[in-house]
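What follows is calculated from the coordinates using simple rules that are stated; it is not laboratory data. Model, not experiment: these values are computed from the prediction. Counting neighbours? That spans all protein chains shown, and the Cβs are built from the backbone with ideal geometry, glycine included.
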Amino acid sequence: MNLRFSKSKFLNKTLEPYNLRTLATLKKMSKLQVRAFLYQLGCFAILFIAGRFVVATYTQLTGLWIPVTAFIVATLISPKFQAVRTKDGEKLFMKWIFIKGIREIG
């Protein structure tokens, strides 16, 4: 019985579902989608760090409850950004609980 296996056969089997045509057809993010992602990530990070400091300083929570509470608060109050294709081209929009409606960004 031959127990040796070829690396090339193994790689071909594991990469078979991900052929080049499949990888080439994956949608790339546009510049505005990347900008929306970075804005959302930045806003969440700022609110998470500030919320963690406030929760740790002004509450009696300890351990894992501090970052969990800060995560929930930051998730709820951070603005949501989205790039949308319109007939005028792609635009960036923001929705936030402290602002009524949806606002167009740049």
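List of remarks:
- Taken one residue at a time, the phi angles of the range 39-48 give Karplus couplings (6.51, -1.76, 1.60, θ = phi - 60°) of 4, 5, 5, x, 4, 4, 4, 4, 5, 5 Hz. Gly and Pro are set to x.
- Value in Å of the Kirkwood radius, where the range 29-105 supplies the Cα pairs that are averaged: 13.8 Å
- Restricting attention to the range 29-105, lysine pairs at least eight places apart or on different chains and with alpha-carbon atoms under 16 angstrom apart total 4.
- When you filter the chymotrypsin sites (Phe, Trp or Tyr not before Pro) in the range 69-106 for DSSP loop state and at most 12 other Cβ atoms inside 10 Å of their Cβ, you are left with 98.
- Extension gain, residue 65-residue 102: 0.36 nm per intervening residue step, less the Cα-Cα distance, totals 10.0 nm.
- Footprinting exposure proxy for 62, 75, 69 (fewest neighbouring C-beta atoms within 10 Å first): 62, 75, 69
- Net +/- balance of residues flanking residue 79 in space, Cβ distance below 15 Å, scoring K and R +1, D and E -1: +4
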